[in-house]
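First the structure, in the form of structure tokens, and then the observations on it.
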Number of protein chains: 2
Amino acid sequence: MSADPVVPETRVLAIASHVAYGYVGNKMATAVMQLLGCDVAALNTVHFSNHTGYRQFKGTRATADEITTIYEGMRQSNLTDFDVMLSGYAPSAAAVEAVGAIGMDLQRKTEKNPGSFFWVLDPVMGDQGRLYVNDDVVPAYKKVIHHADLILPNQFEAEVLSGVKITSLSTLAEAISAIHKTYNVPHVIITSVQLSDLTTNPSTTTSPTTLTVIGSTTRSDGSPRLFRVDVPALDCYFSGTGDMFAALTVARLREAVFAASPTLRTTRSWVSPDDVKATDLPLAQSTVKVLASMHNVLEKTMEARNAELAATPTAPDDDALAQVDAQKRLHLRQTKAAEVRVVRNARFLREPTVEFHPQEWKEEDLPR
Amino acid sequence: MSADPVVPETRVLAIASHVAYGYVGNKMATAVMQLLGCDVAALNTVHFSNHTGYRQFKGTRATADEITTIYEGMRQSNLTDFDVMLSGYAPSAAAVEAVGAIGMDLQRKTEKNPGSFFWVLDPVMGDQGRLYVNDDVVPAYKKVIHHADLILPNQFEAEVLSGVKITSLSTLAEAISAIHKTYNVPHVIITSVQLSDLTTNPSTTTSPTTLTVIGSTTRSDGSPRLFRVDVPALDCYFSGTGDMFAALTVARLREAVFAASPTLRTTRSWVSPDDVKATDLPLAQSTVKVLASMHNVLEKTMEARNAELAATPTAPDDDALAQVDAQKRLHLRQTKAAEVRVVRNARFLREPTVEFHPQEWKEEDLPR
């Protein structure tokens, strides 16, 4: 007999982009959550052939109206009893607002039952110092984030939201404090922190072969409760890892909250009592499990990618391909080879074979 | 350690409808195939809030152009190395033609490697004696089916395609023969045959509590090689079971072909040699496994549905719901409760606990 469902019964509304081929956005998130046993309603914000990392794609974007209409369709048939909402890429400021309105509607429906609905928001705006959305998307997110329970910015998005330039562990802590305070958002994880170019405090920088993830659940006085997880970085760029992180977090955080205490799951936003240490937070427990699964799956993906790229390329017998130059063809081939092998490695989503540990991280310990 | 992937590595292009909530069309097919370990590219032909069995839904249909464009997007980046294509609902005659053109393009690319690509076509046109597509969809399918390797009509669709009214086992055999001959399609499965209203040959009718599935792989002279599988029917209507059958068949048929003989998988359309008995066909071996998984999952779904409907309904606190009458509310509730619990019962997709057996079925054995 194969494994039983991994996580508690969880009904998720996932709102993000759809690509026909490959694994990013909702295509990644839906697969990951389903493979862990979550029931997922998938509201797709774009319908593309493939992810933009290929540098070419075709398809259409959903308008804000189309997004709202799909939700209205579910609502009119009473199909909105979701435990969690995961919102990712939305293709315009109006679409971000439409998604925000959905999250707020679901919150209103459940306000008499604290903890029965939880909103994970991935504020997809840019990466590596560069916005890849229209400028007006930023203020749209800044309005909406106030309502989320957990946000998952990358380092650049955390800078945009906090207004703090992250150049050290202490400015990182500052950024998280600012996000907690400014947006009143109880949980934050900053994914993929790379401080390796830092020279001011070399002893505290993370190594270039280490990926650092920082998270925090607010205390009742609004102060951050910080933990940090260091994991070995893989020497390869994969698309969709943010979506994978978010999807795994949906499943694993709720599991950790259910395991933590009977009262936590009925506490608004699942905020642990002040005496719970940072490393004992469900958010920290979830994050180490998420990162372990990701490490396993990405390692397997890299092996498969290397084998695929090492294999003799088949002669292009395709008219379209014959017209593109060798460099473009190589980029397409490399991008395809790096598609995350999430389905074939589902066993590592369920049971990772590596184990990481959270470290507590007190602001007063930080070098200044 | 959880189970390893179940079926051989299989890259599928699945073209069908998407619903945000629930499990029909591509939402069902993609989940089922991924849970069995297939890599699925999902090209969605509609974007609806929920399936039409609710009697209300919102969303948009893809145009034929939009379908073609997504495929062109994949093609230009060389993302079309599919092992199997599964095509289901298309929302217009032009969309059926667009999907047909995709199947033919994939066949052209692989014509030098017989057996390396296989097209499963579900000619979704209607059910229970009634078309639910425009009239012009029928001739569109009649053109396209010539190119498919396996088609999966239900009883009504088999009648439409064959021109034979199915009123007995012998007319059923006639319909399958006609489909093999008219469309030159090597494999046919007629799903959900109900002959219980037959009075002409009561001894040969299937019992109302039995569901009969009939399949055939053609012999080299074009004659059918028929098998039949009887399974206990469940007293509940579920949406999406046709899509579930098709998706499971994609995974299980390829697995059975790979297990059958080293030459079969490089034989055009995976047609077994004439000396292979009907019950030993990969199609028959696959079908019994598919039906076993479906029986397990639907039985579990029915249990969960009954429990859900027996539970005290929560008072509707929703404005929209307050406006609908009690009967409509009941229908919505019953339809929702009958959504197939495919994700929570994934273990039965991987390892069904019941076993069914194919029976050989020679035309000369049939009562006339």
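Values quoted throughout were computed directly from the atomic coordinates according to the rules given, and no laboratory measurement underlies them. Computed from a prediction, not measured in an experiment: that's the story for all the values here. A quick note on method: Cβ atoms are made from the backbone with ideal geometry, for glycine too, and the neighbour counts reach across all protein chains shown.
In the assembly of identical copies, A:Arg130 has its label point, taken 7 Å from Cα in the direction of the beta carbon, separated from the corresponding points by 5.5 nm (ascending, one decimal).
The lysines whose alpha-carbon is closer than 29 Å to the alpha-carbon of B:Lys181, local same-chain residues fewer than 8 away aside, are B:Lys109, B:Lys112, B:Lys142, B:Lys143, B:Lys165, B:Lys277, B:Lys289, B:Lys362. For A:Met125, A:Met33, the sequence from fewest to most other C-beta atoms within 10 Å is A:Met125, A:Met33. Note on A:Tyr237 and B:Tyr237: the model spin-label points, each 7 Å out from Cα along the C-beta direction, lie 5.2 nm apart.
Of all the C-alpha pairs in chain A, what % are more than 32 Å from each other? In whole percent, the long-distance tail amounts to 30.
Per-residue mean of foreign Cβ neighbours for B:159-169 is 0 (Cβ atoms of other chains, 10 Å radius).
Give me the log10 of I(q) over I(0) for the protein assembly as shown at q = 0.11 Å⁻¹, as the Debye formula computes it from C-alpha points; what are the numbers? Reported log10 I(q)/I(0), two decimals: -1.17.
Dipole check for the range A:11-365: with +1 at the C-beta of Lys and Arg, -1 at the C-beta of Asp and Glu, and the Cα centre as origin, the magnitude is about 480 Debye.
Each copy carries A:Gly163; placing its label point 7 Å along the C-beta direction from Cα gives inter-copy distances of 7.7 nm, listed from smallest up. Counting neighbouring Cβ atoms within 10 Å and putting the fewest first, the residues B:Glu351, B:Glu97 line up as B:Glu351, B:Glu97. Protection proxy ranking, highest mean first, for peptides A:22-28, B:167-173, B:46-52: A:22-28, B:46-52, B:167-173, where packing is the per-residue count of other beta-carbon atoms within 10 Å, averaged.
Using a 7 Å projection from Cα along Cα-to-Cβ, the label point at A:Gln327 is separated from the same position in the remaining copies by 6.9 nm, smallest value first.
Over all distinct Cα-Cα pairs of the range B:238-287, the Kirkwood formula returns a hydrodynamic radius of 11.5 Å.
Please name which of B:Val276, B:Ile145, B:Thr110 has its Cα lying farthest along the dipole of the range B:11-365 towards the positive end, using unit charges on Cβ (Lys, Arg +1; Asp, Glu -1) and the Cα centre as origin. My answer, from the dipole projection, is B:Thr110. Diffusion coefficient (Stokes-Einstein, Kirkwood radius over C-alpha pairs, 25 °C, 0.890 mPa s) for the range B:71-188: 164 µm²/s, rounded to a whole number. For the range A:119-174, a simple Cβ point-charge model (Lys and Arg +1, Asp and Glu -1, everything else neutral) yields a dipole of about 100 debye relative to the Cα centre.
Cα centroids of the range A:242-292 and the range A:20-64: how far apart, whole angstrom? With the range A:242-292 and the range A:20-64 each reduced to a Cα centre, they are spaced 25 Å. The charge dipole of the protein assembly as shown, taken about the Cα centre with unit charges on the Cβ atoms of Lys, Arg (+1) and Asp, Glu (-1), comes to about 60 debye, rounded to the nearest 20.
Other protein chain C-beta atoms within 10 Å of residue C-beta, averaged over B:22-32: 2.
Across peptide A:52-61, the mean count of Cβ atoms from other chains lying within 10 Å of each residue's own Cβ comes to 4.
Summed over all non-identical Cα pairs, the Kirkwood treatment of the range A:7-83 gives a radius of 13.3 Å.
Helical content alone sets the calculated 222 nm signal of chain A at -12000 deg cm²/dmol, taking -39,500 (n - 2.57) per DSSP H segment of four or more residues and averaging over every residue.
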